[in-house]
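Any read-out appearing in this document is the output of simple, stated calculations on the displayed coordinates, not a laboratory observation. This one's a predicted model, so the numbers in the text were calculated from it and none came from an experiment. Neighbour counts run over all protein chains shown; Cβ positions are idealised from the backbone, glycine included.
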């Protein structure tokens, strides 16, 4: 049963979008509004649709795990990536981790990196790190594992917590996909690992935003006295905020938006297309919605769709998103080399859609392109080699 859920993006959607409601039930914050029936009914509708599509996918196009060989060019890819990051450090004249420790780094979109290039660099770094982990799982060679760790180092130096989570979650998905069975012991180990990641996420968040004060964020975001006085490590509050606040913001936005604040053009350009494509049609603009708190600024993949067209927008966003998910799944499972990596990235896209629009966010959506493009490139190279071999095998009429 667990394997059937793990292999299918539609079941991943159901499982991952239920989790925020579980976190919501902890009631650690006084800021969150009461969840209302229309939002529950919308989510229930999406779960039913995904369940039916998931059954169809399992019957007609089931996923099959395939190990891969070690790639000889790994070291050259890593050297190229580090060379590009070196250029970015020279261009920006700073290193985010060093600046954060000094207390003088300002996190803005253009605070670090080469314009345009940085987005592609970060997205490819994430993809290749997950691809390296699949190579490691397939071959069990220590040097590949260390290459995987080396590909995580840039995100530590850049203080990109979300990118680190993307890679670690992608690696976890690859690990689970390669297992023939998932025993209870493995599930317990996974839970412990997730709790550790949650704790470190909060620890890094306190370091970055609260100078190490573990109670600053809880107190400034309406944490209940029961939670503050409990023995629960306050680092876990960050995960509670990040997992539950998007649903709280979505509900708050639904409560506040009484008329459409946009149109179909806004929905298509701002929500359906990656940001790097949207820039060709309109200048970048700051999008806002009705937040429960100034620094809790995520509201699931659906929040801006509701702002633009209310319930019409939110339903259109769901159908568009689930269509992309399933079309991509059908494409990527055809690739023997990049099937597992592509599926791990796709599952990341679905899971993190709980927080923001992962289709519009270029650093996420670009990751989907690399497995498909490289699969096409690999196929074309093999076809060319086959034609050359076929010609070589033909008798030479001149002899």
Highest-MSF residue in the chain out of 173, 22, 359 [GNM, Cα springs under 10 Å]: 22
Most mobile of 244, 99, 386 in a GNM of the chain (Cα contacts under 10 Å): 386
C-alpha long axis of helix 37-60 to longest principal axis of the chain, angle in °: 20 degrees
Residues 230, 245, 73, 92 arranged by fewest to most Cβ contacts within 10 Å: 73, 230, 92, 245
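Tell me, 384, 339 in order of fewest to most beta-carbon neighbours within 10 Å?
384, 339
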0 to 90° range, to nearest 10: angle between helix 303-332 axis and the chain longest Cα axis: 20 degrees
Cα-derived Rg over Rh, computed across region 302-365 with Rh taken as Kirkwood radius: 1.04
For region 150-180 versus region 325-383, the gap between their alpha-carbon centres in whole angstrom: 16 Å
Kirkwood-type radius of region 241-324, with distances r between different C-alpha atoms, in Å: 13.2 Å
Cα gyration tensor category, rounded, prolate or oblate, for region 9-147 with a/c compared to 1.5: oblate
Per-residue Cβ neighbour rank within 10 angstrom, fewest leading, 350, 49: 49, 350
Two-site label geometry, residue 311 and residue 197: point separation in nm, points 7 Å out along Cα→Cβ: 3.6 nm
Candidates 354, 125, 293: whichever shows maximal mean-square fluctuation once the chain is modelled as a Gaussian network with Cα springs under 10 Å: 293
Helix 117-139 axis, angle to the chain major axis (alpha carbon atoms, nearest 10°): 70 degrees
Contact order relative to length of the chain, as percent, for alpha carbon pairs under 8 angstrom and 6 or more apart: 23 percent
Span per principal axis, largest first, for the Cα atoms of region 2-390 (Å): 70, 51, 51
